[in-house]
Amino acid sequence: MNTIDSNVLNQINQAPKSEQIASDSESMRNNFMTLLVTQLRNQDPLNPMENNEMTSQLAQINTVSGIESLNTTMQNINGQIEAGQAMQASAMIGRAVLVPGQRIMVGAEANDITPFGFELNSPAESVKVNIFNESGMLVRQMDLGSVGSGTQTFTWDGQMNDGNTAPAGAYRFAIEANNGEQAVTSETFNYAQVIAVSNSAEDGVRLDLGGIFEPVRLQDVRQII
């Protein structure tokens, strides 16, 4: 392959740094063309550039153009997906959703208790649910027996271990799942009402679940009531 005259290379290397490193595809195409034209101008007349070399360099330029078109297409698709997710999320406002968490809310009225859920990585022979009050005191232990893998939902009747009815407030639950002496990994979920929807540049669409719950991503929702 023909070499480029060293003086020409020095002129290119002495260009400002922002021109040496292309920040977008247009600059990259310009750089390719500059090098190609420079090669043509400085080639040895007795040993000109071969057709396959010319084709290879033109193919590189076309590749850059193709990448730019692909990036533009992907940006448009991402924009449509985000718009669709925002519309889907807005329809959830006022609805209850099952999302990662450990909260159980007990209201003033009888049976006004939010359900809870969990997911086991594998079936468990013994599953117990421990419910704690806001002070961290264990107020109820529920023995669920054997439970299969996957997401399961349950409700608490509001009765504490001492037989009294749990006062209104926020409670936290934890899962003990075992196969013999082997612990089974679990993930806990709680229900919460969607108050508002926001859009984060980092996480995309997020659901606002009120003051006591952390906002969650749309993909974290496991169930909608």
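Only residues that are farther than 22 Å from ASP220 by Cβ and surrounded by 16 or more Cβ atoms within 10 Å (Cβ to Cβ): list them for the range 117-141, please.
Scanning the range 117-141 gives ALA124, VAL127, ILE131, PHE132, ASN133, VAL139, ARG140.
How about the range 172-225: which strands (runs of 3 or more DSSP E) wholly inside it have at least 3 residues that are crowded, with 16+ Cβ neighbours inside 10 Å and touching a residue at least 12 places away in the same chain (Cβ under 8 Å)?
Counting at least 3 such residues, we get 186-193, 204-208.
Determine whether ASP143 is assigned to a loop (DSSP other than H, G, I, E, B), modelled with pLDDT of 90 or more and of a type in the set (D, E, K, R).
no
Limited to the range 108-134, what total is found for residues that are assigned to a loop (DSSP other than H, G, I, E, B) and at pLDDT 95 or above?
Pass one, the range 108-134, residues assigned to a loop (DSSP other than H, G, I, E, B): 108-112, 114-115, 121-123, 133-134.
Still in the running and at pLDDT 95 or above: 133.
Of the residues in the range 108-134, 1 are assigned to a loop (DSSP other than H, G, I, E, B) and at pLDDT 95 or above.
Quick one: how many residues across the range 91-107 are at pLDDT below 85 and either of a type in the set (Asp, Glu) or surrounded by 13 or more Cβ atoms within 10 Å (Cβ to Cβ) (or both)?
Number of matching residues: 1.
I'd like the residue in the range 147-160 that is surrounded by 11 or more Cβ atoms within 10 Å (Cβ to Cβ) and over 27 Å from the mean Cα position of the chain (by Cα) and, out of all such residues, is nearest to GLY107 (Cα to Cα).
Per the criteria, the residue is GLY158.
The values are calculated or read from the model by the stated rules, or taken from the named source; none is laboratory data. Just so it is clear, the model here is predicted, and its values are computed rather than measured. Methodologically, a virtual Cβ is constructed for each residue, glycine included, from the backbone with ideal geometry; neighbour enumeration extends over all protein chains shown.
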